[in-house]
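Below: one structure, written as structure tokens.
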Amino acid sequence: NRAMQDDFFFYSRDISLGIFGSVMNYYYHFEGAFADFFWVELFSFINQYSTQIFFINLFNIVLLFTSLFLLLTLIIKELLPYYSVKIPLYLCVLIITSILYFQYDVIHEVVFWFTGSTVYMTTISWFLVGIYFLLKKGPVNLIISAFLLFFFAAVRLHYSLTELGILFYFFLWYFLKNKKINYRIVLVMIIAMAGFAIYLAAPGNYAGRFNASEQEKLLHTPIIFYFKLIAKSLVYYFYVHIFKIFPLLLLNFALAFILGLSDEKNHFTKNTFLPFAKFSIYTLAISWLSIAVVMAVVQQGAGPSRTFFFPLFITMIVMVVFFYFLGIQLKQKFQFVSALTLPLGLIACGYFFYFLFSDLGKLKEFSVKFDQRIETIIRAKEVLMPKDTLFLEKLPYTKSLMNNELRGDFWVTCQQEALHEFYNTPFQIKIVSSQHNK
């Protein structure tokens, strides 16, 4: 993979203003998401503004996997009488692969893009680890949880709403069960709300996307319009991100179910299984509704695919764990289904390897063409004059990497500006199709 578009803008800002200077500039002039801006600028510095981003992507995936594994170990220990490290490990594999190789439009914007993986994917680790420490006892664990969930509340708007919704569920569940307030959860909720408030109060929010004219437009739009937009977005999310790949998702869900069937030591009572089922339904609803509401207000539509990564990830966690628990619950009645383990496993592995290698030729071509482009820009700086224009050929299409130059003039213009700014070229850069170039 290679750095693309927004990556170069972040690189340029980091070089000129530094990490904290960049964050403050974004906060006052662009958007209040100070936590994710700090995170992406930090990774830009760590990567030393290189176009090679493989190790950043690899680290982001490992961090997500590790944080998910950590939280699942706690959940399994809490809900099941017998714990084995194999259980959260297998569940992590099924959850992560559900994300990594089923949804091209999501992974090329979130998993394999420097900006996307840093802003939209890795920050979810803060939430997972924050919940992990919230569920553990002790003041140190409370401080760590509050710290992580404070920053997570300043990543994306729908991330914040989902986080606060889940924290509220914990508060309400504890109150109804014990008839008293859990001040530990209340304190973390207040701190997370403070992070969200700092995000919302940023001058940058109201200098651009929510300027005075946009605010007036939002206030004068009939409320029924937003309800219709939210409903349409929910249908769109389900169709594009769930229904279209449901046969593939069933592979992983079926394997999770069979994993539960083969768990001979564990069992469930209704007092354990039903509360988890209720929490699962609530979490799915709040994560989907949060993105639909935010995108209706901010984007006046469903929003780009990268914004759906968090609710999609939550959906995969809940569904995989639910099917595993369901397998435990029904292992006396459906033990014969275990015979499908080998064929289902082979089909899932076969598709995984197909995913890995089907795009390999284009990926290699993409990386070669990209490196040639950068070499051309560097050489051109030595000979071209300010009045000149450097023409570059559009990069080849790949299914899994972030390359939007073939999606229209807007994206081409952004890429041109990004390259021009980062490489500080005295001449203009124009990206054209190969036919035009010839």
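So the values come out like this:
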| read-out | value |
| --- | --- |
| Selected residue [more than 27 Å from Gly303 (Cα to Cα), modelled with pLDDT of 95 or more and either open to solvent by less than 20 Å² (accessible area, probe 1.4 Å) or among the aliphatic types (A, V, I, L, M) (or both)] from Leu80, Leu74, Leu42, Leu70 | Leu70 |
| Hits in region 402-432 - residues which are assigned to a loop (DSSP other than H, G, I, E, B) and over 20 Å from Val106 (Cα atoms) | Tyr423, Asn424, Thr425, Pro426, Phe427 |
| Checklist (1) more than 30 Å from Lys399 (Cα to Cα); (2) in a helix (DSSP H, G or I); (3) open to solvent by 30 Å² or more (accessible area, probe 1.4 Å); (4) of a type outside the set (Phe, Trp, Tyr) applied to Leu89, failing item | (1) |
| Evaluation of Val62 against (1) surrounded by 19 or more Cβ atoms within 10 Å (Cβ to Cβ); (2) out of contact with any strand residue (DSSP E or B) (no Cβ under 9 Å at 6 or more places or on another chain) (one fails), failing number | (1) |
| Matching entry among Pro275, Pro311 (being assigned to a helix (DSSP H, G or I) and surrounded by fewer than 18 Cβ atoms within 10 Å (Cβ to Cβ)) | Pro275 |
| Selection count, region 394-411, where residues are surrounded by fewer than 18 Cβ atoms within 10 Å (Cβ to Cβ), farther than 20 Å from Asn57 by Cβ and of a type in the set (D, E, K, R) | 2 |
| Criterion: crowded, with 17+ Cβ neighbours inside 10 Å and either farther than 29 Å from Gln103 by Cα or in contact with a strand residue (DSSP E or B) (Cβ under 7 Å, 6 or more places away or on another chain) (or both) - qualifying residue of Phe334, Phe391, Phe370, Phe355 | Phe370 |
| Selected residue (criterion: least open to solvent (accessible area, probe 1.4 Å)) from residues of region 1-39 that are over 22 Å from the mean Cα position of the chain (by Cα) and in contact (Cβ under 8 Å) with a residue 40 or more places away in the chain | Ser12 |
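The values are calculated or read from the model by the stated rules, or taken from the named source; none is laboratory data. Keep in mind it's a predicted model, so treat the numbers as computed, not measured. With ideal geometry, Cβ positions are generated from the backbone for all residues, glycine too; neighbour counts draw on all protein chains shown. Calculation scope for accessible area: heavy atoms of the full protein, side chains included, ligands and nucleic acids excluded. Shrake-Rupley method; radii C 1.70, N 1.55, O 1.52, S 1.80 Å.
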